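*Asks:* I'd like to ask some things about the structure below.
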Amino acid sequence: VVIGGDIHSYWVTDLKVDFTAAAPVVATEFVGTSISSPGIPYDRVARLLPDNPHVRFFDSRPRGYVRCTVTPERWLTELRALENAVDPRTAIGTLASYVVESGRPGAQRL
């Protein structure tokens, strides 16, 4: 599992040695967005997603963070999103959750 950031958007991506459809997944990358800085242009990136099936999730619109819970059996990542990034009393919810299970490469959405 790889943790990334500094791109102001959420990503869940299965990594491969090469990106042909038949290539095995060797790791999963989870990328957290920024708490307050604006994200990268959503529409520009979303247009490219059909050509990149290894990208399991992308969103640059909400602000938030990533929370991970790790055990020997699995790695759980929750993409946490703020309802309103400029309100300090804002609600926080889970945008999406993914798990990587021991011995089973690749992210699975819960």
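The values are calculated or read from the model by the stated rules, or taken from the named source; none is laboratory data. Everything numeric in this text was worked out from a predicted model, so none of it was measured. With ideal geometry, Cβ positions are generated from the backbone for all residues, glycine too; neighbour counts draw on all protein chains shown. Note: areas computed on protein heavy atoms with side chains; ligands, DNA, RNA excluded. Shrake-Rupley method; radii C 1.70, N 1.55, O 1.52, S 1.80 Å.
*Asks:* Using the per-residue mean of other Cβ atoms lying within 10 Å as a proxy for protection, in what order, highest first, do the peptides 89-99, 34-44, 74-84 fall? Don't skip to the answer; put the middle values down first.
*Replies:* Details: 89-99: 13.7, 34-44: 11.7, 74-84: 18.1.
The densest-packed peptide leads the list: 74-84, 89-99, 34-44.
*Asks:* Karplus couplings for segment 15-24 from phi (6.51 cos²θ - 1.76 cosθ + 1.60, θ = phi - 60°), rounded to Hz, Gly and Pro as x?
*Replies:* So the Karplus estimates, Gly and Pro as x, are 8, 10, 5, 9, 9, 6, 4, 7, 5, x Hz.
*Asks:* Determine the per residue accessible area of the chain with all protein chains present and a 1.4 angstrom probe, expressed in square angstrom. Each step should come with its number before you reach the end.
*Replies:* On the way: 6570 Å² over 110 residues.
Per-residue accessible area for the chain comes out at 60 Å².
*Asks:* Next question, about the same structure. Give me the percent of accessible area attributable to carbon and sulfur for the chain, probe 1.4 angstrom.
*Replies:* Within the chain, the accessible surface is 54 percent carbon and sulfur.
*Asks:* While we're here: Between I3 and L76, 0.36 nm times their residue separation minus their Cα-Cα distance comes to what? Please report the intermediate quantities before stating the final value.
*Replies:* Details: separation 73, 0.36 × 73 = 26.28 nm, distance 1.23 nm.
Residue separation times 0.36 nm, minus the Cα-Cα distance, leaves 25.0 nm.
*Asks:* Could you go through segment 33-40 in sequence order and give the Karplus-derived ³J(HN,Hα) for each residue, using 6.51 cos²θ - 1.76 cosθ + 1.60 with θ = phi - 60°, rounded to whole Hz, and x for Gly and Pro?
*Replies:* Taking θ as phi minus 60°, the curve returns 7, 9, 6, 9, 6, x, x, 6 Hz for segment 33-40.
*Asks:* Only one of the listed values, (1) 14.4, 47; (2) 17.4, 59; (3) 17.5, 54, was derived from the coordinates as Rg and Dmax of the Cα atoms in Å; which label is it?
*Replies:* So the structure-derived entry is (1).
*Asks:* Taking the Cβ-Cβ separation of R89 and I35 as r and a Förster radius of 22 Å, what is the calculated FRET efficiency to the nearest 0.05?
*Replies:* Values: r = 15 Å, r/R0 = 0.67.
It comes to 0.90.
*Asks:* Using helices alone, what [θ] at 222 nm do you get for the chain, with -39,500 (n - 2.57) per DSSP H run of 4 or more residues, divided over all residues and rounded to the nearest 500? Please list the in-between numbers first.
*Replies:* On the way: 1 runs with 5 residues, N = 110.
-1000 deg cm²/dmol, from helical runs alone.
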